[in-house]
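**Student:** For reference, the structure I am asking about is given below.
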Amino acid sequence: MAFSPDYVRLVLSENFEDAKRLLLEPLMAIHYAHLTMLTEQSIVTRADARAIRAALDGINLETVRQSVFDGSHEDLFFDVNARIAAACGEDAAGRLHTARSRNDIDMTMYRMRLREGLLSLAEAVARLREALLGSAARHHETIFAAHTHTQPAQPTTVAHYLLAVVEQLERDTARLADAYEVVNQCPLGACAITGTGFPIDRNRTSALLGFSGPTGNTYGSIATADFVLHAAAAAAVLLVGLGRVLQDMLLWSSVEMGYLRLPDGFVQVSSVMPQKRNPVALEHARALASKALGQMNAIQTVVHNTPFGDIVDTEDDLQPLVATAFRDATRATTLTAVTMAGAEFNAAHMRDRSGADWVTVTELADALTRDHGLSFGAAHAVVSALVRRVDARDRRLGVVLADVGREAGHHIHLSDDDLQRLLSPEHFVAVRRTLGGPAPEITAEAVRQSRGLLEADRSETTRRRQALMAASDALRSAVVAI
């Protein structure tokens, strides 16, 4: 049957190019693993297995990648099958496809590709965590005015802010790790959708391909798409959080705020305005994160309201989107990491701004509650009256405070020196030793703990990569032993 030229141009040719780029190596690994299992289970004779092995060994992957879709074969699977048959004969080649289908092959390839995307993204997140922890360790005492509702709120430290981001990234890492475990289950052996009557060993093929184990229900092995939705959802949460932080960093890089200066290698000048230092690296990171988030959401949309079974919506047309989404997410995260690793915070300017706009008066209300017996509600009212009445440049704070306190029925006497100490940003930060607070000793301990967690997470990602490498080595050894 000849395919329509329009169908070839609009679908088959495009899918063939995508498959060569993304799925050729997983497909070959699946062929070798399935052949090994069929031989060990005496489903295929050793003589046929060796002929098939020689045919597989003779396939030049670069030659396949350079081939052009000509309509003689429907897709990459049939193209490779033809190459195997040409090398070892139709009869032997046909035996390789015993007890399997393109359905379970496809779903296995998709999971193999996706787990690589998850590992790469997890590694990028670890790099960003490392960069932010390095900055946090240098800025335990770098005070700035944190904002709520876009307005100056309370003094905190750069370390405190960055540790909040790091904690979010730690949770992102846990979500990605959980998604990896969901993805890393092997559908091979589910065949078209109901399994097979042949005595296959699904655990063996799973192990040879580096999976944690086989999937369960054979219908679900082919029909479900929650593994890719789970991974996309974990990545989407990461990207939303990353975008919010990037928005802050771009604001901090503005001349008006002047908190952050990017390294020269991550800024660009205007073609007209020679004074410009445009923070384009962070802009690109934000754009890439937004693009990747859109792609992650598109994955959900493509799968939504599709039949629960074998359907192309979850296959040829979706997989390039999945690959690109994870690639762009990794690019955005890595770019943020390398940019922030060399960024400099203007500590003096941030400190100057942290004492303005009455951002420290919460501590005065706290002091009136702790030391003068006022309820916090009463203290809040007194301090609010103080802020309304006194000019920020007026140094007679003690007098005004005594007046507003007396009017409210409270005897309050604090010297100007006492008030200056209570209202200093340094004091505000130093007394906030609450778990998770900004006091330098608290953030120093938080950095220490986060570094320990980072090393543990990196070790786990390394373990997963090494498990894949070990499985690849075991597969090669098993194939040689045929």
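The values are calculated or read from the model by the stated rules, or taken from the named source; none is laboratory data. Owing to the predicted nature of the structure, the values given are computational and were not obtained by experimental measurement. Cβ placement follows ideal geometry from the backbone for every residue including glycine, while neighbour counts extend to all protein chains displayed.
**Student:** I'd like the full set of residues that are touching a residue at least 40 places away in the same chain (Cβ under 8 Å), charged (D, E, K, R) and in contact with a strand residue (DSSP E or B) (Cβ under 9 Å, 6 or more places away or on another chain), limited to segment 249-306.
**Tutor:** Answer for segment 249-306, where residues must be touching a residue at least 40 places away in the same chain (Cβ under 8 Å), charged (D, E, K, R) and in contact with a strand residue (DSSP E or B) (Cβ under 9 Å, 6 or more places away or on another chain): just R261.
**Student:** Can you tell me which residue in segment 73-106 is surrounded by the fewest Cβ atoms within 10 Å (Cβ to Cβ), limited to those that are in contact with a Gly (Cβ under 8 Å, 6 or more places away or on another chain) and either modelled with pLDDT under 95 or under 21 Å from D310 (Cα atoms) (or both)?
**Tutor:** Restricting to residues being in contact with a Gly (Cβ under 8 Å, 6 or more places away or on another chain) and either modelled with pLDDT under 95 or under 21 Å from D310 (Cα atoms) (or both), the top hit is A99.
**Student:** Within segment 168-190, is there a residue that is assigned by TED's automatic domain parsing to the domain that holds F345, within 26 Å of R351 (Cα to Cα) and in a loop (DSSP other than H, G, I, E, B)? Give the steps one after another, and end with the answer.
**Tutor:** Step one: of segment 168-190, the residues assigned by TED's automatic domain parsing to the domain that holds F345 are 168-190.
Applying the additional criterion that residues be within 26 Å of R351 (Cα to Cα) yields 168.
Filter once more, so that each one left must be in a loop (DSSP other than H, G, I, E, B): none.
The answer is no; no qualifying residue exists.
**Student:** Same structure, new question: All but one of (1) crowded, with 18+ Cβ neighbours inside 10 Å; (2) farther than 17 Å from A325 by Cβ hold for A231; state the number of the condition that does not hold.
**Tutor:** Answer for A231: the failing condition is (2).
**Student:** While we're on this one: Which of the residues spanning segment 298-341 are among the aromatic types (F, W, Y) and surrounded by 21 or more Cβ atoms within 10 Å (Cβ to Cβ)?
**Tutor:** Applying the first criterion (among the aromatic types (F, W, Y)) to segment 298-341 yields 308, 326.
Answer for segment 298-341, where residues must be among the aromatic types (F, W, Y) and surrounded by 21 or more Cβ atoms within 10 Å (Cβ to Cβ): just F326.
**Student:** I need a count of the residues in segment 251-268 that are surrounded by fewer than 17 Cβ atoms within 10 Å (Cβ to Cβ) and either assigned to a helix (DSSP H, G or I) or on the phi < 0 side of the Ramachandran plot (or both). I'd like the intermediate steps shown before the answer.
**Tutor:** Of all residues in segment 251-268, those surrounded by fewer than 17 Cβ atoms within 10 Å (Cβ to Cβ) come to 251, 254-258, 261, 263-265, 268.
From the residues that got through so far, the ones that are either assigned to a helix (DSSP H, G or I) or on the phi < 0 side of the Ramachandran plot (or both) too are 251, 254-257, 261, 263-265, 268.
The qualifying residues number 10.
**Student:** Further question on the same structure: Can you name the condition, by its number, that F69 falls short on among (1) outside the structural domain of L335 (by TED's automatic domain parsing); (2) crowded, with 17+ Cβ neighbours inside 10 Å; (3) not in a loop (DSSP other than H, G, I, E, B)?
**Tutor:** So the condition that F69 fails would be (3).
**Student:** Hey, another quick one. Take segment 269-293 and flag every residue that is surrounded by 14 or more Cβ atoms within 10 Å (Cβ to Cβ) and of a type outside the set (A, V, I, L, M, F, W, C). Before the answer, list the steps.
**Tutor:** Narrowing segment 269-293 to residues surrounded by 14 or more Cβ atoms within 10 Å (Cβ to Cβ): 277-293.
Selection gives R277, N278, P279, E283, H284, R286, S290, K291.
**Student:** Within segment 346-403, restricting attention to residues that are surrounded by fewer than 20 Cβ atoms within 10 Å (Cβ to Cβ) and in contact with a Lys or Arg (Cβ under 9 Å, 6 or more places away or on another chain), which residue is modelled with the highest pLDDT?
**Tutor:** Here the residue is N346.
**Student:** Let me ask another. Against the conditions (1) over 22 Å from V245 (Cα atoms); (2) of a type in the set (S, T, Y); (3) in contact (Cβ under 8 Å) with a residue 40 or more places away in the chain, where does T334 fall short? Just the number, please.
**Tutor:** (1)
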